[in-house]
1. Quick check on A:Gly262: is it at positive phi, within 13 Å of chain C (Cβ to nearest Cβ) and not acidic (Asp, Glu)?
2. Give me a count of the residues in region A:54-66 that are facing another protein chain (nearest Cβ under 7 Å), open to solvent by 10 Å² or more (accessible area, probe 1.4 Å) and of a type outside the set (D, E, K, R).
3. Report yes if some residue within region A:209-228 is open to solvent by less than 40 Å² (accessible area, probe 1.4 Å), without any contact (Cβ under 8 Å) to a residue 24 or more places away in the chain and at negative phi; otherwise report no.
4. For the structure I just gave you, tell me whether C:Ala162 is of a type outside the set (D, E, K, R) and either in a loop (DSSP other than H, G, I, E, B) or touching a residue at least 60 places away in the same chain (Cβ under 8 Å) (or both).
5. Which of the residues that make up region C:144-158 are open to solvent by less than 70 Å² (accessible area, probe 1.4 Å) and free of Cβ contacts under 8 Å to residues at least 60 places away in the same chain?
6. Only one of C:Leu218, C:Leu237, C:Leu253, C:Leu224 is touching a His at 6+ places or on another chain (Cβ under 8 Å) and at pLDDT 95 or above; which?
Amino acid sequence: MKRFTVPTAVLFQLAPAISKPKVLAAAIALGWLTIGSIAQAQPATRNKGPAQMSSLDDARMVAPALVSYTEDHLLVDVWKRSGLALRDRSIVTIAALIARNQTSELPYYLNLALENGVKPKEISEIITHMAFYAGWGSAMAAVAVTKGVFAQHKIGADQLPAAMPKLLSLNEAAEAQRAALVEEQFGSVAPGVVQYTTDLLFRNLWLRPDLAPRDRSLVTVSALIAAGQIAQVPYHLNRAMDSGLTQEQASELLTHVAFYAGWPNVFSALPVAKGVFEKRSK
Amino acid sequence: MKRFTVPTAVLFQLAPAISKPKVLAAAIALGWLTIGSIAQAQPATRNKGPAQMSSLDDARMVAPALVSYTEDHLLVDVWKRSGLALRDRSIVTIAALIARNQTSELPYYLNLALENGVKPKEISEIITHMAFYAGWGSAMAAVAVTKGVFAQHKIGADQLPAAMPKLLSLNEAAEAQRAALVEEQFGSVAPGVVQYTTDLLFRNLWLRPDLAPRDRSLVTVSALIAAGQIAQVPYHLNRAMDSGLTQEQASELLTHVAFYAGWPNVFSALPVAKGVFEKRSK
Amino acid sequence: MKRFTVPTAVLFQLAPAISKPKVLAAAIALGWLTIGSIAQAQPATRNKGPAQMSSLDDARMVAPALVSYTEDHLLVDVWKRSGLALRDRSIVTIAALIARNQTSELPYYLNLALENGVKPKEISEIITHMAFYAGWGSAMAAVAVTKGVFAQHKIGADQLPAAMPKLLSLNEAAEAQRAALVEEQFGSVAPGVVQYTTDLLFRNLWLRPDLAPRDRSLVTVSALIAAGQIAQVPYHLNRAMDSGLTQEQASELLTHVAFYAGWPNVFSALPVAKGVFEKRSK
């Protein structure tokens, strides 16, 4: 594993006018680098080597077993299981990390997502989508990290989605049914929630063209499971499968998320997923 | 939107003896500033302009749609809905952010809270209250951020609550009933929890005078919904409404929290709130 | 309370070649230090005084009541209750903080854990264990903080567990029963989850020798309660008590976690713990 550390590269790119020693001092203060890793960091940055999980070097000094589980199982076995594409695994991982507000590993997985073919436009849409499904604070924390990764890859405004693009066409009948159900249940409890759910989410966010409906569902289901919010899993897992997610892919999503959101969240989701799978197979 | 960035101002105030370039280098390293924003940051700081969400500038470079939702809907429409005062919305937002341990947006919303009439004493009490309702770690993380905002506003010890003030008078009958119920249910399971719930929470924290009981309930209900802890919502929503929170205000709280804690948490809370509203209307 | 601040000591240790003013500038920028605390910080570091909660000084400037609750109740009363050893309380606290991704107080509690007799090997294993029970992101965030604390204590590779040690012997009958039950329930839903649960968790992680099975259970139960994941509490609380955790210790765990994960999470766990206690006493 090479000693390429994403944050260092980002630092140099953001701060060209400032002497490297000072930036490195700040980086050390931030815990991103040890003195020992500085010498290696700069050449690796120049080499444009594949993104590596910088914090694995830290883990060697704290938890060698965690490094072993990561290198011998998670990265070479779990990620390479058939049943869910690398691109999809990247989307699932990013959604899970943002849902759990875990930004420290996000640079590594954003770089990996770009390598795996997730487009900058799609990453941008995932973050916007997560604002509604994990709250503004989680999305804004992801923005702060993603800005650095985008700068490193020289991803400019031309590669971002339009703020207000032409929307996908809506399945009016299905949406009318959904809206009527929610209005009946909660219209008198929280008319504001009901209104924004229709106007901002289902007649706007979900119709934005730069993330496919199936991928929005992948993001949503991953986020729900990662945050332990199983009550909404049946609706969104069904929606995902209606949009083309296969049962095998959903099953692999559960396996993948176990590592990024912890076993308990996935074990809470398993009976719910089982219920959805069984109902659909009838 | 002006390029005023709260953290820069805080940095300069905290570090007057240290040359600005070095502080800026650290700020850049921290991802608070891009080189491009430095020129603007200093005059804006001097101008004492209204607090702006500094991270929105970052969002422009990552997720233009998120900026649009924030500027065109969240800040100008959601926040200005009738039914819940700006001051209350600020309290709800701060409670939700602390409950979710999301400190990156907290400086912006603390500044906004001060603008909206939330007193420093009240902010201080909200943080202390959250120690018990979201854990010590969340409160201490909020302390670290709030210290900077208070320093920026020159809020000193004279504007903080006393550590041990004269407490509000207690409704002894209601408290005896609550204590007896909890003792009966859990006295043999966790006598320590039962004891501290009485001694530290209901005979102390809730009686501290610098945050009104209705506002403590507003904080508590917001925190519970934001953290997905619906089991305690019925007790605390009833308590809030007994202390003067109207159903319309509770309904708007749900709408407001949807944006800061994500739609799933609010959709999990909706049936619970509906149950409380229906029981009370009988 | 002395003004010893853990991060400063760590900074100086990590960055010997860099002048102290620059490191301090970065530390100030990070919000770890105020100008006022610098003079005291260095002598205290040299004195090797007991670790103190650095952020309490911040809290004095924001929430004096929170300081009072911490100093007059949490640290001198709660921590010293009989029924759960200081060492166990340290394990519970670290697990709760990692489960909630709350790293800001972690340095203080890691230092306290070392003082309380938790071995570096055990801390290392707790972090690895948490990767599976709270997700990789939480464990890696803990790694970044723990690295500094270990460096400060000059804890090197010789004090860490082997990546692949000789495992404890397995109770084959009990494990076969567990595996069969999970296979029956979820084998068709997520075969990957079922496989890794057996291969990586119960035939590997749980058998690693440098954290006793009873302590792994203590970590797991604390993490579950702290993250609000009560669905898995019955299995793991029973497992903990089968491994030697007494009911009194479990009861104190609940009391202790209330302060670190907030009252609502503990009140959600109380009826579940009550059910486990009652079933076992029959």
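The values are calculated or read from the model by the stated rules, or taken from the named source; none is laboratory data. Source: prediction; values computed, not measured. All Cβ positions, glycine included, derive from the backbone under ideal geometry; neighbour counts span all protein chains shown. Note: accessible area is taken over every heavy atom of the protein model, side chains too, but ligands, DNA and RNA are not part of it. Shrake-Rupley method; radii C 1.70, N 1.55, O 1.52, S 1.80 Å.
1. yes
2. Here is the first cut: in region A:54-66, the ones facing another protein chain (nearest Cβ under 7 Å) are A:55, A:58-59, A:61-66.
Adding the requirement that they be open to solvent by 10 Å² or more (accessible area, probe 1.4 Å) leaves A:55, A:58, A:61, A:64.
Remaining after also requiring of a type outside the set (D, E, K, R): A:55, A:61, A:64.
Count: 3.
3. no
4. Numbers: of a type outside the set (D, E, K, R): yes; either in a loop (DSSP other than H, G, I, E, B) or touching a residue at least 60 places away in the same chain (Cβ under 8 Å) (or both): yes.
Taking the combined requirement at face value, the residue satisfies it.
5. First, pick out the residues of region C:144-158 that are open to solvent by less than 70 Å² (accessible area, probe 1.4 Å): C:144-152, C:155-156.
Hits for region C:144-158 are C:Ala144, C:Val145, C:Thr146, C:Lys147, C:Phe150, C:Ile155, C:Gly156.
6. Details: C:Leu218 fails: touching a His at 6+ places or on another chain (Cβ under 8 Å); C:Leu237 fails: touching a His at 6+ places or on another chain (Cβ under 8 Å); C:Leu253 fails: touching a His at 6+ places or on another chain (Cβ under 8 Å).
C:Leu224 is the lone residue from the list that is touching a His at 6+ places or on another chain (Cβ under 8 Å) and at pLDDT 95 or above.
The rows are residues; the columns are (1) without any contact (Cβ under 8 Å) to a residue 40 or more places away in the chain; (2) aliphatic (A, V, I, L, M); (3) closer than 30 Å to C:Leu97 by Cα; (4) outside any loop (DSSP other than H, G, I, E, B).
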| residue | (1), (2), (3), (4) |
| --- | --- |
| B:Ala59 | yes, yes, yes, yes |
| B:Ala65 | yes, yes, no, yes |
| B:Asp77 | yes, no, no, yes |
| B:Arg81 | no, no, no, no |
| B:Ile98 | no, yes, yes, yes |
| B:Ser104 | no, no, yes, no |
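Results for (1) under 30 Å from B:Gln249 (Cα atoms); (2) in contact with an Asp or Glu (Cβ under 8 Å, 6 or more places away or on another chain), shown as yes or no for each residue.
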| residue | (1), (2) |
| --- | --- |
| A:Ile123 | no, no |
| A:Ser138 | yes, no |
| A:Ala157 | no, no |
| A:Pro165 | no, yes |
| A:Phe186 | yes, no |
| A:Phe202 | yes, yes |
